[in-house]
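The values are calculated or read from the model by the stated rules, or taken from the named source; none is laboratory data. As the structure is a prediction and not an experimental result, all values here were calculated from the model. Backbone-built Cβ (ideal geometry, glycine too); neighbour counts: all protein chains shown. Heavy atoms of the whole protein, side chains included, go into the accessibility calculation; ligands, DNA and RNA do not. Shrake-Rupley method; radii C 1.70, N 1.55, O 1.52, S 1.80 Å.
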Amino acid sequence: MPVEPLAPSRPAPTTPSTPATPTVFDDAVARLGRIGGEAGIEEEILESLRRPAATLTANLPVRMDDGSTRYFEAFRCRYNDVRGPAKGGIRFHPAVDREEVQALALWMTLKCAVVDLPYGGGKGGVVVDPKSLSRMEVERLSRAYIRATAGFIGPDTDIPAPDVYTNERIMGWMADEYETIVGRKAPAVITGKPLALGGSHGREEATGRGAWLVIRELARSLGWQPSSIRVAVQGFGNAGYHLARLLQQDGYRIVALSDSKGGIYSEKGFDVESVRCEKLASKEVRGVYCEGSVCHVVDHERISNEELLELDVDLLVPAALEGVIGPANADRIRARVIAEVANGPVRGEVDRELFERGVIVLPDVLTNAGGVTVSYFEWVQNRQGLRWPLDEVRRRLAEILPAAFREVHGLARSEGIPLRDAAYRLALRRIADATAAQGTRTFFRG
Ligand code: NAD
C-alpha cells in the first residue's frame, strides 16, 4: 500500500481583513509583537499570544422591571492559561466589545506574569450602561452573566473580578449564582467579593494602593519631593480615588480630577476626601472642601477630560478607560510621568514618540497590578479557609509591587529601554519558560 503523504500542515487561521483604524486589540497585538521581537522572544511564543485560547459570546436575556425582556451582549475571554487559571475582571460598559475584552485579557496575561502570580489572563464584559438600569435589573443581569458562563469559569479555570462599573456587591451576586448552579460553596470562583462572602480585607483599595507603591519607588529614583509634585487624575472611580488619596497623604498636590462627566482643576490642589464625599452625594466631581458634613465650593475651573490630559503637570494618572493618549494628542502631553492606572490608556502607536521625548510611562501591567495581586490573596484565603488581617494583606502587597518595580526598572536601565518594554520582556520570558516546561516542543523536534 502506498503510504499516504503526510497532510500538509494546517493553514494558519484566517484573520478578518484589517480595518482601517487598528482596534484596541490590533494595537495590543502589534505592541506585543514589536516588544517581543526586539527582545528575541521565540516567534512560537509570540504567535501563541496573538489570539485568545477561547472567547465565549452570549446574549443575556434580562427581565426588566416593566416586565419586558431585553438582551445584552456579553463576553468572557480565557486568553492564556499556561501559567495558571485565567484571571481578569468583568466590565459593564456600553462601549465594551469583543476586541476590547480580548485586549484586556491579553494585558491580564502579561500583568500576572510581571508580578509572578500563578495565573494566566482572562477578561469579561457586558455591553450595557448600568447607570440606566435599576438595582434589581443589574442584579438580574449579573446573575444572567454567570448562568451563561458557569461552564467556562471556575476556581481552577478562570476567575473573574470587578472592573469598570462592577463592584463587590455585583461580585457577591455572581458568586452566589455560581454556587447555586454548582450546588456547593465555591468562593474562590470570583474575587473582589464582599467581606461577608469571603472577600479579602484590602481588596477595594488594592489597585490604588499598588499604584501608589509603584509611584513611590519611581519617585525615589527620580529624587522627587512630593510637595513640589503636581498630579492630575483622570477617572475618579475606585482605582483613581484610592491612589489620589494616598498620594495626597504623602504631600503630593492633586491639581486635577475628573469622571465621565468632566473634570475640575485648581492650582492650589484639592482635598481628595472632600471631593469624594461630594461625588458620593451628588454623583459629580466638584471642587469642594468639606468640614464634617458641610462642604464649601473652592476656587477651581471646570475642564474637559481632554484638557486634563494635556495639563502641564509632573504626574498624569489616566485611571478611566483605554486609548485616551494616542496619535491625536500625544504631542500635546506635557506630563513628565504617566502612571497607567487604567488598562491600556496609552496606544502602542505612540510608545516610541513618548520615550524619545523623555516622558516616563509607568506601564499598566505593573502600575495597576495591585488589584490582581490582592485578588490572588483572596483566592488563596478562600482555598485555605483563612482570613488575613488588613495589615497582613498590605504587608504582602508592599513586598510584591516594589520588588516587581525594581526588577522592571533595573532591566529598563541596563538595556536603555522603556519601562513597558522591560515589563513585557520579563513577562514574556516567564510565559515562554512555562510553555517550554510543558515539554512538547522538544519532543516534536526529535
Ligand atoms: P470605576 O468604575 O470604579 O471607575 C471608573 C471611573 O472612570 C469613574 O469615575 C467614571 O466616571 C470614570 N470614567 C468613565 N468614563 C470616563 C471617561 N470617558 N473619561 C473620564 N472618566 C471616565 O472603575 P475602576 O475599577 O476604578 O477602573 C478604572 C480603570 O482601572 C479601568 O481601566 C480598569 O480596567 C483599571 N483597573 C481597575 C482595577 C480594579 O481592581 N478596580 C484593577 C486594574 C485595573
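Results, tabulated for the structure shown:
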| item | result |
| --- | --- |
| The lone exception for K131 - which of (1) outside any loop (DSSP other than H, G, I, E, B); (2) under 28 Å from A404 (Cα atoms); (3) of a type in the set (K, R) it fails | (2) |
| Test: Y165 is open to solvent by 10 Å² or more (accessible area, probe 1.4 Å), within 14 Å of the ligand (Cβ to nearest atom) and under 28 Å from L366 (Cβ atoms) | yes |
| Flag if A398 is free of Cβ contacts under 8 Å to residues at least 12 places away in the same chain, part of a helix (DSSP H, G or I) and surrounded by fewer than 24 Cβ atoms within 10 Å (Cβ to Cβ) | no |
| Residues of segment 78-94 classified as within 16 Å of the ligand (Cβ to nearest atom), out of contact with any Leu (no Cβ under 9 Å at 6 or more places or on another chain) and open to solvent by less than 30 Å² (accessible area, probe 1.4 Å), total | 2 |
| All positions within segment 95-134 that are more than 12 Å from the chain's Cα centre (by Cα), within 18 Å of N167 (Cα to Cα) and more than 12 Å from the ligand (Cβ to nearest atom) | V126, V127, V128, S132, L133, S134 |
| Which listed residue, of G192, G237, is surrounded by fewer than 22 Cβ atoms within 10 Å (Cβ to Cβ), in contact (Cβ under 8 Å) with a residue 60 or more places away in the chain, within 27 Å of G344 (Cα to Cα) and within 12 Å of the ligand (Cβ to nearest atom) | G237 |
| Matching option when the condition is outside the structural domain of H93 (by TED's automatic domain parsing) and either more than 10 Å from the ligand (Cβ to nearest atom) or free of Cβ contacts under 8 Å to residues at least 24 places away in the same chain (or both), among V359, V324, V341 | V359 |
| Test: residue in segment 212-224 that is of a type in the set (G, A, S), touching a residue at least 60 places away in the same chain (Cβ under 8 Å) and within 16 Å of the ligand (Cβ to nearest atom) | no |
| Subset of segment 281-334 that is outside any strand (DSSP E or B) and β-branched (V, I, T) - its residue that is surrounded by the fewest Cβ atoms within 10 Å (Cβ to Cβ) | V298 |
| Restricting segment 371-388 to residues that are part of a helix (DSSP H, G or I) and open to solvent by 50 Å² or more (accessible area, probe 1.4 Å), the residue that is nearest to the ligand (Cβ to nearest atom) | Y376 |
| Selection within segment 263-272 - more than 8 Å from the ligand (Cβ to nearest atom) and surrounded by 15 or more Cβ atoms within 10 Å (Cβ to Cβ) | I264, Y265, S266, G269, F270, D271, V272 |
| Flag for C295 being more than 14 Å from the ligand (Cβ to nearest atom), in contact with a Phe, Trp or Tyr (Cβ under 8 Å, 6 or more places away or on another chain) and not assigned by TED's automatic domain parsing to the domain that holds R91 | yes |
| Unmet requirement for F75, which otherwise passes all of (1) buried (at least 22 other Cβ atoms within 10 Å of the Cβ); (2) in contact (Cβ under 8 Å) with a residue 60 or more places away in the chain; (3) assigned to a strand (DSSP E or B) | (2) |
